[in-house]
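Colleague: Quick one: this structure, given as structure tokens, is what I'll be asking you about.
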Number of protein chains: 2
Amino acid sequence: MTEQLFEHVKNNFGITFHDNELLIEAFTHSSYANDHRDLTLKNLERLEFLGDAVLELTVSEYLYKKFPELPEGQLTRMRASIVRAESLAKLAKECELAQFLCLGKGEELMNGRKRPSLLCDVFEAFVGAIFLDQGMETVMDFLRRVLFPKIDSGAFSHGMDHKTALQELLQKNGVVTIAYQVIKEIGPDHDRQFVVEVFVEGDSLGTGKGRSKKGAEQEAARVALQTLEKNS
Amino acid sequence: MTEQLFEHVKNNFGITFHDNELLIEAFTHSSYANDHRDLTLKNLERLEFLGDAVLELTVSEYLYKKFPELPEGQLTRMRASIVRAESLAKLAKECELAQFLCLGKGEELMNGRKRPSLLCDVFEAFVGAIFLDQGMETVMDFLRRVLFPKIDSGAFSHGMDHKTALQELLQKNGVVTIAYQVIKEIGPDHDRQFVVEVFVEGDSLGTGKGRSKKGAEQEAARVALQTLEKNS
């Protein structure tokens, strides 16, 4: 099984560990170590502690450089949506890591191998092990394969408001000017509606209506995102 | 003022920035940028976002390597006590960073220059700027000057239980064997008390009494810590 793990890591991610024990540690759940106390195995938790911080920094640096105009609040929100357990569990699945996890009997019976929090842990521990054994550059290579392309394609922008999502999508390939303009006000004072048009580098990408200027801007951004999606 | 900042950073931390703008950005509070909108200044918030993650990783790696026997839970608690706002604000004070902070008028009047959360922000932003401009190795050099010696001296172990604190103190200079042994049980069954003795590398460092074995162990560790403190 460990041989297959080494092969998997080598074939899929191009990584050959110097210290295979570290790789095994990253795939040893505490329940397995507890079931085999006589072997005094190290479990993945310390590597998970380290990997969590490695991911925090690599993702932060990537976002910081990729979105030079995005304010701190948006960066923080985006980072949170990337490093949260569900997202990392999904990555663990896509990397097909779960099959190599050493689980205790009880945990196995309770379907632990499919539990998102556990998959997240093993992903973090794996990243921690790569960091310790290979260094930061190899971690970045790994994330360039499995994570960064997802950020580029906007997979983590869904939690954002439409204006931010539009900004992020458009600024993927550099800074662009996005402007919102009220082009019409409809109805009497007590029931006023605004129509806002969004311009990207001077070209109209859509209009939106709303009871406030902000609401109309959000709606215009949503329409623009739809238009861009259809045309991509 | 900026010249003085460059001098301060060079003289106290041995760092000469390639990009001085980045250093200035780390000391520009949003309130100052808002007061001077015409200058379209960048404020420190994006660097703070990055520096926060840089600290998270550097501290994690340091703890991971320094305490090879400490379980994940203890590492996490210790990391939290190091990177929390109060601790970082204290570091900012010791590094005498506040004097160079560009604050808006309102913030200045409200004594912002002394507010812990603000001092923490500037420390994180400064670390973020060092990371971007100089790289990880210079960040580590900086932390070896201002932070890691504090960890070594146990400044962040106070929130820990006595057994953990003892372990950390003793393992500063390498792994040692700490053993707890019940040496006496006192009283009748319904009012039993335990006396535990703590041995370090075979030598007794103290005893403790308690209504449970765990309690007696904690008490023995507390006594051992006191003894060590007196003798240091």
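The values are calculated or read from the model by the stated rules, or taken from the named source; none is laboratory data. Nothing here was measured: the structure is a model prediction, and the numbers come from that model. Methodologically, a virtual Cβ is constructed for each residue, glycine included, from the backbone with ideal geometry; neighbour enumeration extends over all protein chains shown.
Colleague: Out of B:Leu88, B:Leu50, B:Leu70, report the one residue that is buried (at least 22 other Cβ atoms within 10 Å of the Cβ), under 17 Å from the mean Cα position of the chain (by Cα) and assigned by TED's automatic domain parsing to the domain that holds B:Leu23.
Modeller: So the residue among B:Leu88, B:Leu50, B:Leu70 that is buried (at least 22 other Cβ atoms within 10 Å of the Cβ), under 17 Å from the mean Cα position of the chain (by Cα) and assigned by TED's automatic domain parsing to the domain that holds B:Leu23 is B:Leu88.
Colleague: Within the stretch B:116-127, is there a residue that is among the hydroxyl-bearing types (Ser, Thr, Tyr) and under 27 Å from B:Arg37 (Cα atoms)?
Modeller: yes
Colleague: Please determine, by comparing only the residues of the stretch A:31-72 that are closer than 25 Å to A:Met110 by Cα and among the hydroxyl-bearing types (Ser, Thr, Tyr), which one is nearest to the other protein chains (Cβ to nearest Cβ).
Modeller: So the residue we want is A:Thr40.
Colleague: Also, quick follow-up: How about the stretch B:27-44: which of its residues are of a type outside the set (Ser, Thr, Tyr) and either surrounded by 22 or more Cβ atoms within 10 Å (Cβ to Cβ) or in contact with a strand residue (DSSP E or B) (Cβ under 7 Å, 6 or more places away or on another chain) (or both)?
Modeller: B:Phe27, B:His29, B:Leu41, B:Lys42, B:Asn43, B:Leu44
Colleague: I've got another one for you. Within the set of pairs 6+ apart or on separate chains, which have a first residue in the stretch B:73-90 that is within 14 Å of another protein chain (Cβ to nearest Cβ), a second that is among the small types (Gly, Ala, Ser), and C-beta atoms under 7 Å apart?
Modeller: B:Arg77/B:Gly159; B:Arg79/B:Ser60
Colleague: Further, regarding this structure: Is it the case, given these coordinates, that A:Leu57 is buried (at least 16 other Cβ atoms within 10 Å of the Cβ) and under 16 Å from A:Asp133 (Cα atoms)?
Modeller: No: the conditions fail for A:Leu57.
Colleague: Same structure, new question: With B:Glu168, B:Glu108, B:Glu185 as the choices, which residue is within 30 Å of B:Ala216 (Cβ to Cβ), in contact with a Ser or Thr (Cβ under 9 Å, 6 or more places away or on another chain) and acidic (Asp, Glu)?
Modeller: B:Glu168
Colleague: Also, quick follow-up: Please specify each residue of the stretch B:186-209 satisfying the condition of being small (Gly, Ala, Ser) and either at negative phi or under 28 Å from the mean Cα position of the chain (by Cα) (or both).
Modeller: Once the filter is applied, which keeps residues that are small (Gly, Ala, Ser) and either at negative phi or under 28 Å from the mean Cα position of the chain (by Cα) (or both), the stretch B:186-209 yields B:Ser204, B:Gly208.
Colleague: Could you name every one of the helices (runs of 4 or more DSSP H) located completely within the stretch A:1-87 that has at least 1 residues being over 30 Å from B:Phe49 (Cβ atoms) and touching a Phe, Trp or Tyr at 6+ places or on another chain (Cβ under 8 Å)?
Modeller: Of the helices (runs of 4 or more DSSP H) lying wholly inside the stretch A:1-87, those with at least 1 residues that are over 30 Å from B:Phe49 (Cβ atoms) and touching a Phe, Trp or Tyr at 6+ places or on another chain (Cβ under 8 Å) span A:2-13, A:20-26.
Colleague: Looking only at the stretch B:137-179, which residues are surrounded by 12 or more Cβ atoms within 10 Å (Cβ to Cβ), outside any loop (DSSP other than H, G, I, E, B), of a type in the set (A, V, I, L, M) and modelled with pLDDT under 95?
Modeller: Scanning the stretch B:137-179 gives B:Ile151, B:Ala165, B:Leu166, B:Leu169, B:Leu170, B:Ile178.
Colleague: With the requirement that a residue be modelled with pLDDT of 85 or more and out of contact with any Phe, Trp or Tyr (no Cβ under 9 Å at 6 or more places or on another chain), what does the stretch B:189-207 give you?
Modeller: B:Arg192, B:Gln193, B:Phe194, B:Val195, B:Val200, B:Glu201, B:Gly202, B:Asp203, B:Ser204, B:Gly206, B:Thr207
Colleague: Let me ask you something else. Going through the stretch B:191-232 one residue at a time, which ones are within 17 Å of B:Ser157 (Cβ to Cβ) and in a strand (DSSP E or B)?
Modeller: Result: B:Val198, B:Val200, B:Leu205.
Colleague: Right, A:Lys209: surrounded by 12 or more Cβ atoms within 10 Å (Cβ to Cβ) and either farther than 14 Å from A:Thr164 by Cα or touching a Lys or Arg at 6+ places or on another chain (Cβ under 6 Å) (or both) or not?
Modeller: yes
Colleague: Checking A:Ala98 against (1) among the hydrophobic types (A, V, I, L, M, F, W, C); (2) more than 14 Å from chain B (Cβ to nearest Cβ); (3) free of Cβ contacts under 8 Å to residues at least 12 places away in the same chain, which test does it fail?
Modeller: It is condition (3) that A:Ala98 fails.
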